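Student: One structure coming up, written as structure tokens, with questions to follow.
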Amino acid sequence: MTTIVNKPVAQSPARFAPMRHVGNFFTNWGVLAGLVIVWEIIARVIESVYFPPMSQIFQALFENYLTPSATNVLFMPDAVGEQLIPSLGRLAIGYGVAVGIAVLLGVFIGLAPKVEDYLDPVLQFLRAIPPPAVIPIFLIFLGIGDSMKILMIVFAAIWPVLINTIDGVRQVPQQLIETAHVYGASGRRRAVEVILPAAAPRIFAGMRIALSIAIVVMVLSEMVAATNGLGYSILFAQRTFRMTDMWAGIILLGTIGYLLNLALSLVENRVLAWHRNSKA
Amino acid sequence: MRLQQRQRERLIRGLIGIALISAVMELVARSGMVSGAYLPPLSSILSTAGALFVDPVFLEDLTATILAMGVGLVISTLVAVPAGILLGSNETAFRLTRSLVEFLRPIPTSAIIPVAILLFGQQLGMKVFLICFAAIWPILFNTIYGVHDVDPTMKDTARSFGYRRLRILTRVVLPAASPYIYGGIRIAGAISLIVAVSAEIITAAGKGIGTFIMRVSQTGGEYQVIYAAAIIAGLLGWLLNWVLVRGEIKLFRWNPNLAGGSR
């Protein structure tokens, strides 16, 4: 007895395919646009200080982030140089360092199950500590400079990647490694060309989680102790009651988060393309 | 037998690992390599943690955080599960809300903290709002996934028995999706702790573990208190997860795909 898994869905014929794409595009983004319009209308009606109309928010965004500056050497918009670039820079460095260390350590630990046994409880414990609770500790040690935020991001983002790398390496079939060994591949080659690609799907899953964590910690650390950056600008705007700037910052942050996640998926799809094809 | 032996080996090695690292930390602190004020010895941190447990001020803060987490989780579940069921079973609804969800989701909860402060002041309501904002997503997505993944044969069988749509929902879809939903609640639990402490650290007002830590660090308190509080926060998260996992084992004994070995 056959099981019906996918009921056939009626779709317009192939020659209408472009229209279908456009239709999907509209349903996807139409709702968002609709909500923007709804916000605009409600905000103008209610006239609440806390929820300025979308048009004003977009205007603030445009002025701060898209209008070339008169004072800056490169004609970069003011806010881009003061808020966006420091934030993104810290994020990039922190995330990069975290992933680098985590993958390196993870491969070593994953290949040595006994070492993992020794370290596992301590790792699980350190991972369970909520990153915000550790911020004051970092603050004491490192003050409010960039290094504090970067190290904070590293501390928070390293765990998902590390644990996923260890898991990923551990589940590489032993046959694969031994075959490579038989073919005369050195330890280093085995690690880079066999084990790493085999563990890559799990590693990327960890990297995706780590990205979200890194962004959250970046914003948090900038709110607690900073003199520039997106998180700082949002909190500062709230405290000085510049609501449009606050909302502009939030929307910008959401957009950046969306774009970064998108970028990571694109990279992931590229790197894992061979994997999908071989295991599909 | 072999499995038990291997598990015992892991346990012993794990304990040795803990002991070794604790010893190293203790030595480093006492030898004065790092200034004693910055990194107190592990023993004093642990004894301070013990003292905190019986400190009424700290306990007040601790319960405030737990309260916020609990209320936030309950509200999130009450909102996210029905929404997830709706979106999981109805393709049109799903497509309509996709763009909204895809845009709201990447907004870091910490960015919303100023908004929450504006709307709710600096007390419980703000924390609950933030926790809901963050914790709804994992529950929602897991519910959608769980509902979507229900074996159509089961639903068709129920329908051929004459069940109406609502009964299919409650008797077939919900029980089948409940392991996924529960998984989402587990993730939401961890997130709720992080969000609660984040909110407390930013506002440094009201009650909570985060405000406790900020208070101590800003009034020049001893560092071991701060370390101890952070460790207790970690223990809280670990305890929450442990309770939820045991609940999962109890509730879902019937499920062959039990997530017993997942981290």
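The values are calculated or read from the model by the stated rules, or taken from the named source; none is laboratory data. The structure presented is a predicted model; accordingly, all values stated were derived computationally and were not measured. Here the Cβ is made from the backbone with ideal geometry for all residues, glycine too, and neighbour counts use every protein chain on show.
Student: Going through segment A:138-159 one residue at a time, which ones are out of contact with any Phe, Trp or Tyr (no Cβ under 7 Å at 6 or more places or on another chain) and surrounded by fewer than 23 Cβ atoms within 10 Å (Cβ to Cβ)?
Tutor: Within segment A:138-159, the subset out of contact with any Phe, Trp or Tyr (no Cβ under 7 Å at 6 or more places or on another chain) is A:138-139, A:142-147, A:149-150, A:154-156, A:158-159.
Matches in segment A:138-159: A:F138, A:L139, A:L142, A:G143, A:I144, A:G145, A:D146, A:S147, A:V154, A:F155, A:W159.
Student: Could you grab the pairs with beta carbons closer than 6 Å, sequence gap of 6+ or different chains, first residue in segment A:242-265 and under 20 Å from B:A134 (Cα atoms), second one in a helix (DSSP H, G or I) and of a type in the set (S, T, N, Q)?
Tutor: Pairs that qualify, where the first residue is under 20 Å from B:A134 (Cα atoms) and the partner is in a helix (DSSP H, G or I) and of a type in the set (S, T, N, Q), are A:M246/A:Q238; A:G249/A:S233.
Student: Do we have any residue at all in segment A:197-206 that's buried (at least 24 other Cβ atoms within 10 Å of the Cβ) and not aliphatic (A, V, I, L, M)?
Tutor: Checked segment A:197-206: at least one residue is buried (at least 24 other Cβ atoms within 10 Å of the Cβ) and not aliphatic (A, V, I, L, M).
Student: Can you tell me which residue is nearest to B:I209 (Cα to Cα) among those in segment B:115-163 that are away from every other protein chain (no Cβ under 13 Å) and β-branched (V, I, T)?
Tutor: Of everything passing the filter in segment B:115-163, B:V128 is nearest to B:I209 (Cα to Cα).
Student: Is it true that A:T227 is within 30 Å of A:F138 (Cβ to Cβ) and surrounded by fewer than 16 Cβ atoms within 10 Å (Cβ to Cβ)? Before you say what the answer is, go through the steps one by one.
Tutor: Values: within 30 Å of A:F138 (Cβ to Cβ): yes; surrounded by fewer than 16 Cβ atoms within 10 Å (Cβ to Cβ): yes.
The answer is yes for A:T227.
Student: Give the residue, chosen from B:F141, B:F133, that is touching a Ser or Thr at 6+ places or on another chain (Cβ under 8 Å) and among the aromatic types (F, W, Y).
Tutor: Numbers: B:F141 fails: touching a Ser or Thr at 6+ places or on another chain (Cβ under 8 Å).
Of B:F141, B:F133, the one residue that is touching a Ser or Thr at 6+ places or on another chain (Cβ under 8 Å) and among the aromatic types (F, W, Y) is B:F133.
Student: If B:V101 passes every condition in (1) in contact with a Ser or Thr (Cβ under 8 Å, 6 or more places away or on another chain); (2) over 27 Å from A:F236 (Cβ atoms); (3) at pLDDT below 85 but one, which one does it miss?
Tutor: (1)
Student: Something else: Just for segment B:219-255: of the residues that are in a helix (DSSP H, G or I) and of a type in the set (F, W, Y), which one is surrounded by the fewest Cβ atoms within 10 Å (Cβ to Cβ)? Don't jump to the end; show me each part of the working.
Tutor: Looking only at segment B:219-255, we keep the residues that are in a helix (DSSP H, G or I), and these are B:223-251.
When the remaining residues are screened for being of a type in the set (F, W, Y), the result is B:223, B:227, B:238, B:242.
Numbers: B:Y223: 22, B:Y227: 23, B:W238: 17, B:W242: 10.
Residue satisfying both the conditions and the ranking: B:W242.
Student: Restricting attention to segment B:186-214, which residues are touching an Asp or Glu at 6+ places or on another chain (Cβ under 9 Å), among the hydrophobic types (A, V, I, L, M, F, W, C) and crowded, with 24+ Cβ neighbours inside 10 Å?
Tutor: Our first condition is that a residue be touching an Asp or Glu at 6+ places or on another chain (Cβ under 9 Å); within segment B:186-214, this holds for B:186, B:200, B:206-214.
Now drop any that are not among the hydrophobic types (A, V, I, L, M, F, W, C), which leaves B:209, B:212-214.
Of everything in segment B:186-214, those that are touching an Asp or Glu at 6+ places or on another chain (Cβ under 9 Å), among the hydrophobic types (A, V, I, L, M, F, W, C) and crowded, with 24+ Cβ neighbours inside 10 Å turn out to be B:I209, B:F212, B:I213.
Student: Moving to a separate point now. Need a quick list: helices (runs of 4 or more DSSP H) entirely within segment A:95-201 having at least 3 residues that are of a type in the set (G, A, S) and under 24 Å from A:E268 (Cα atoms).
Tutor: Working: elements: A:113-128, A:131-142, A:146-170, A:174-182, A:187-190.
Of the helices (runs of 4 or more DSSP H) lying wholly inside segment A:95-201, those with at least 3 residues that are of a type in the set (G, A, S) and under 24 Å from A:E268 (Cα atoms) span A:146-170.
Yes/no matrix, rows are residues, columns are (1) closer than 29 Å to A:T165 by Cα; (2) facing chain B (nearest Cβ under 9 Å); (3) crowded, with 21+ Cβ neighbours inside 10 Å; (4) more than 18 Å from the chain's Cα centre (by Cα):
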site: A:L211; (1), (2), (3), (4): yes, no, yes, no
site: A:I215; (1), (2), (3), (4): yes, yes, yes, no
site: A:G231; (1), (2), (3), (4): no, yes, yes, no
site: A:L235; (1), (2), (3), (4): no, yes, yes, yes
site: A:Q238; (1), (2), (3), (4): no, yes, yes, yes
site: A:D245; (1), (2), (3), (4): no, no, yes, yes
site: A:N261; (1), (2), (3), (4): yes, yes, no, no
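Student: Still on this structure, I have one more. Take the residues of segment B:165-218 that are within 14 Å of chain A (Cβ to nearest Cβ), in contact (Cβ under 8 Å) with a residue 40 or more places away in the chain and in a loop (DSSP other than H, G, I, E, B): which is nearest to B:F141 (Cα to Cα)?
Tutor: If we take residues in segment B:165-218 being within 14 Å of chain A (Cβ to nearest Cβ), in contact (Cβ under 8 Å) with a residue 40 or more places away in the chain and in a loop (DSSP other than H, G, I, E, B), then B:G208 is nearest to B:F141 (Cα to Cα).
Student: Also: Could you tell me whether segment A:188-197 includes any residue that is aliphatic (A, V, I, L, M) and more than 30 Å from A:I109 (Cα to Cα)? Even if it seems obvious, please write down each step before you answer.
Tutor: We begin by selecting, within segment A:188-197, every residue aliphatic (A, V, I, L, M); these are A:191-192, A:194-196.
Pick out the ones that are also more than 30 Å from A:I109 (Cα to Cα) and you get none.
No, segment A:188-197 contains no residue that is aliphatic (A, V, I, L, M) and more than 30 Å from A:I109 (Cα to Cα).
Student: Continuing with the same structure: Does A:G257 satisfy the criteria of being surrounded by fewer than 22 Cβ atoms within 10 Å (Cβ to Cβ) and facing chain B (nearest Cβ under 8 Å)? Talk me through it step by step, then tell me what you get.
Tutor: Working: surrounded by fewer than 22 Cβ atoms within 10 Å (Cβ to Cβ): yes; facing chain B (nearest Cβ under 8 Å): yes.
So A:G257 passes the test.
Student: Looking at A:R242, A:R270, A:R189, which is the one that is among the basic types (K, R), touching a helix residue (DSSP H, G or I) at 6+ places or on another chain (Cβ under 8 Å) and farther than 24 Å from B:G210 by Cα?
Tutor: Of the residues listed, the single one that is among the basic types (K, R), touching a helix residue (DSSP H, G or I) at 6+ places or on another chain (Cβ under 8 Å) and farther than 24 Å from B:G210 by Cα is A:R189.
Student: Working only within segment B:221-230, note down all residues that are among the β-branched types (V, I, T) and within 12 Å of B:G210 (Cα to Cα).
Tutor: To start, the set of residues in segment B:221-230 that are among the β-branched types (V, I, T) comprises B:225-226.
Hit for segment B:221-230 is B:I226, nothing else.
Student: Residues of segment B:10-24 being farther than 11 Å from A:K114 by Cα and among the basic types (K, R), which ones?
Tutor: Matches in segment B:10-24: none.
Student: Given the criteria surrounded by fewer than 16 Cβ atoms within 10 Å (Cβ to Cβ), more than 25 Å from B:T143 (Cβ to Cβ) and within 9 Å of chain A (Cβ to nearest Cβ), does B:L59 qualify? Break it down into steps so the answer makes sense when it comes.
Tutor: Details: surrounded by fewer than 16 Cβ atoms within 10 Å (Cβ to Cβ): yes; more than 25 Å from B:T143 (Cβ to Cβ): yes; within 9 Å of chain A (Cβ to nearest Cβ): no.
No, not satisfied.
Student: For B:V150, all conditions in the list (1) part of a helix (DSSP H, G or I); (2) farther than 25 Å from A:V216 by Cα hold save one; what is the number of the exception?
Tutor: (1)
Student: Within the set of pairs 6 or more residues apart or between chains, which connect a residue that is free of Cβ contacts under 8 Å to residues at least 60 places away in the same chain inside segment A:40-68 to a residue that is loosely packed, with under 12 Cβ neighbours inside 10 Å with Cβ atoms less than 7 Å apart?
Tutor: Going by the 7 Å Cβ cut-off, the qualifying pairs are A:P68/A:F75.
Student: Run B:C132 past the list (1) farther than 25 Å from A:L220 by Cα; (2) modelled with pLDDT of 85 or more and report the number of the one that doesn't hold.
Tutor: Result: B:C132 fails condition (1) only.
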